[in-house]
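Heads up, the thing below is written out as structure tokens.
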Amino acid sequence: MLKNQIQNCVGVVFSIAAMVFSNYGLAAEQSENGAIEISDNTFDCMRDMTKVDGFYVDNLLGDSAATIAVASSADGGVYPPGSVVQLVPGEVMVKHGSGFSPATKDWEFFELDVSEEGTAIRKRGFVDVVNRFGGNCFGCHIQAEPKWDMVCKTGHGCDPIPLSKPVLALLQKTDPRCDNEPLSEQEMVMFKQLQVMMAPRPE
């Protein structure tokens, strides 16, 4: 009897922990209007999230399983509030509560400055965030077919990005917030070229 009670208590504790804590950065809170509290400390090593088809996902409200399910679905779906979707270290999108930003289907777009010291949010917003390449985040993601909930991927309807798969893989591998392995000589040459290309554009 006592053993069963202990097991039940442990199960409750782990269930609560799964709801409150995310693998990525810090757990977040959602306000009554659907906004999720987000700061520099929200974002950490992108590889701490779950990789799905070349990009990484998690959920700031603890519902990682639901986010992963939508990201993995061949039929698409609506991402739950708290979802984080990230392709490269310097850009990320986060889903707020239903109705918070109808124009962007509740997604907020972020451009990040990342370093070994952590993350600094350089830009954030909904329909007006322009990335370091001069592209409007919303303008690209709105092209995705409705069933993909504004998440771009090959075949989703968005314009292709000017980065090859090897380059994307290298950017993910060299996120400075992570514990990274040494690069090969060839990767180092490519990485130095990327540093120049990924430098922030003048305001």
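Determine if segment 100-107 includes at least one residue that is in a strand (DSSP E or B), touching a residue at least 40 places away in the same chain (Cβ under 8 Å), among the acidic types (Asp, Glu) and surrounded by 20 or more Cβ atoms within 10 Å (Cβ to Cβ).
Taking every residue of segment 100-107 in turn, none turns out to be in a strand (DSSP E or B), touching a residue at least 40 places away in the same chain (Cβ under 8 Å), among the acidic types (Asp, Glu) and surrounded by 20 or more Cβ atoms within 10 Å (Cβ to Cβ).
Restricting attention to segment 113-129, and to residues there that are without any contact (Cβ under 8 Å) to a residue 24 or more places away in the chain and within 22 Å of Ala35 (Cβ to Cβ), which single residue is surrounded by the most Cβ atoms within 10 Å (Cβ to Cβ)?
Per the stated criteria, the residue is Val129.
What pairs come out if I take residues in segment 27-52 that are within 15 Å of Asp175 (Cβ to Cβ) and pair them with residues that are of a type in the set (Asp, Glu) and assigned to a loop (DSSP other than H, G, I, E, B) whose C-beta lies under 7 Å away, six or more apart or interchain?
Pairs found: Cys45/Asp175; Met46/Asp175; Arg47/Asp175.
Say whether the condition of being touching a residue at least 12 places away in the same chain (Cβ under 8 Å), among the small types (Gly, Ala, Ser) and open to solvent by 30 Å² or more (accessible area, probe 1.4 Å) is met by at least one residue in segment 142-153.
no
Among the numbered criteria (1) farther than 20 Å from Cys45 by Cα; (2) under 17 Å from the mean Cα position of the chain (by Cα), which single criterion is violated by Gly99?
Answer for Gly99: the failing condition is (2).
Among (1) in contact with an Asp or Glu (Cβ under 6 Å, 6 or more places away or on another chain); (2) of a type in the set (Lys, Arg); (3) modelled with pLDDT under 95, which single condition is Lys95 missing?
(3)
In segment 128-144, is there at least one residue being in contact with a Gly (Cβ under 6 Å, 6 or more places away or on another chain) and under 21 Å from Asp58 (Cα atoms)?
Within segment 128-144, one or more residues are in contact with a Gly (Cβ under 6 Å, 6 or more places away or on another chain) and under 21 Å from Asp58 (Cα atoms).
If you take the residues of segment 1-52 that are charged (D, E, K, R), open to solvent by 80 Å² or more (accessible area, probe 1.4 Å) and touching an Asp or Glu at 6+ places or on another chain (Cβ under 7 Å), which of them is modelled with the highest pLDDT?
Glu37
Of the numbered conditions (1) at pLDDT 95 or above; (2) open to solvent by 50 Å² or more (accessible area, probe 1.4 Å); (3) not acidic (Asp, Glu), Arg177 satisfies every one except a single condition; which is it?
Looking at each condition in turn, Arg177 falls short on (2).
For segment 53-65, state whether one or more residues are touching a Pro at 6+ places or on another chain (Cβ under 6 Å), in a strand (DSSP E or B) and open to solvent by 20 Å² or more (accessible area, probe 1.4 Å).
The answer is no, given that none of the residues of segment 53-65 is touching a Pro at 6+ places or on another chain (Cβ under 6 Å), in a strand (DSSP E or B) and open to solvent by 20 Å² or more (accessible area, probe 1.4 Å).
Going through segment 66-80 one residue at a time, which ones are assigned to a helix (DSSP H, G or I) and either touching an Asp or Glu at 6+ places or on another chain (Cβ under 8 Å) or within 23 Å of Ala169 (Cβ to Cβ) (or both)?
Thr67, Ile68, Val70, Ala71, Ser72
Scan Lys192, Lys153 and give me the residue that is in contact with an Asp or Glu (Cβ under 9 Å, 6 or more places away or on another chain) and among the charged types (D, E, K, R).
From the options Lys192, Lys153, the qualifying one is Lys153.
The values are calculated or read from the model by the stated rules, or taken from the named source; none is laboratory data. Nothing here was measured: the structure is a model prediction, and the numbers come from that model. Backbone-built Cβ (ideal geometry, glycine too); neighbour counts: all protein chains shown. To get the accessible areas, we keep the full protein, side chains included, count just its heavy atoms, and leave off ligands, DNA and RNA. Shrake-Rupley method; radii C 1.70, N 1.55, O 1.52, S 1.80 Å.
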